[in-house]
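In what follows, a structure is listed as structure tokens, so that the remarks can point back to it.
The values are calculated or read from the model by the stated rules, or taken from the named source; none is laboratory data. The structure presented is a predicted model; accordingly, all values stated were derived computationally and were not measured. Every residue, glycine as well, gets a Cβ built from its backbone with ideal geometry; the counts of neighbours run over all protein chains shown.
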């Protein structure tokens, strides 16, 4: 539940910032008649994202091995790649998000309501599809759709509350620190998804395990225990990992750390967006 909560909270905060920026841009140009259209675009994107999450998860859960393992493996690796892209994108582009969205709104307002609809729809749909893919991968990693759904609902609810509080000036949230902390945790979560994906591919024989069990900590923290499930959901913990999984996990973390250092930043140092 915690990974889906964290993912939903982060994506929800980003969506709330986007909506706030779009509404603020409409106020600046004194076009309140476009506000209902903007909300319609936002709601439409949210509904489509929910449908995408349900379809992806249902499709994967209904498949049988080896198709199920292959689908889950690709989904986890794709979600990890998208998470990584999101972290680097936020570290480079967050400071320009407000200005870019305002320019898009100004241009769209000269075209008409349909253009405003698509500005909101596309901006929110990107966040929604990302979250749909992340939640689908989380369901496959934890094998618990109910807890993943509950965590997503709580995360989005918290994001809505925080978003309203930020724009109502009742809460001051250090967004830069928020994205730093969540970005660091998401890097570890993505590494776990990579390891899970490699595990699924070793099951179907696409990737050799090399050494089936590098170690076995089942007697200390089993994968079925509460702590083991929490560590597995957050960081991809496997009490008896294969060498292939370990190589994938370490290679991903090493690559991300080096890449972040080359960009001159710590994990997920996004500039604070201004709504």
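Taking residue 65 as meeting all but one of (1) surrounded by 15 or more Cβ atoms within 10 Å (Cβ to Cβ); (2) over 17 Å from the mean Cα position of the chain (by Cα); (3) over 24 Å from residue 35 (Cα atoms), write down the number of the exception. Residue 65 satisfies every listed condition except (1).
Screening residue 127 on (1) assigned to a loop (DSSP other than H, G, I, E, B); (2) on the phi < 0 side of the Ramachandran plot shows it passes everything except condition (1). Can you tell me how many residues in the range 26-37 are surrounded by fewer than 23 Cβ atoms within 10 Å (Cβ to Cβ) and part of a helix (DSSP H, G or I)? So the count comes out to 8. Across the range 136-147, the number of residues qualifying as within 13 Å of the chain's Cα centre (by Cα) and over 17 Å from residue 62 (Cβ atoms) comes to 1. Considering the range 38-71, and only residues there that are free of Cβ contacts under 8 Å to residues at least 12 places away in the same chain and not in a helix (DSSP H, G or I), the residue that is nearest to residue 168 (Cα to Cα) turns out to be 63. Scanning the range 219-232 for residues that are free of Cβ contacts under 8 Å to residues at least 60 places away in the same chain and within 30 Å of the chain's Cα centre (by Cα) turns up 221, 222, 223, 224, 225, 226, 227, 228, 231. Confirm whether residue 23 is touching a helix residue (DSSP H, G or I) at 6+ places or on another chain (Cβ under 8 Å), modelled with pLDDT under 85 and surrounded by 14 or more Cβ atoms within 10 Å (Cβ to Cβ). In short, no.
Taking the stated definitions as given, is residue 247 part of a helix (DSSP H, G or I) and either at pLDDT below 90 or over 24 Å from residue 4 (Cα atoms) (or both)? Please lay out each step first, then the result.
Details: part of a helix (DSSP H, G or I): yes; either at pLDDT below 90 or over 24 Å from residue 4 (Cα atoms) (or both): yes.
In short, yes.
Within the range 132-153, being in a helix (DSSP H, G or I) and either surrounded by fewer than 16 Cβ atoms within 10 Å (Cβ to Cβ) or in contact with a strand residue (DSSP E or B) (Cβ under 6 Å, 6 or more places away or on another chain) (or both) holds for 146, 150, 153.
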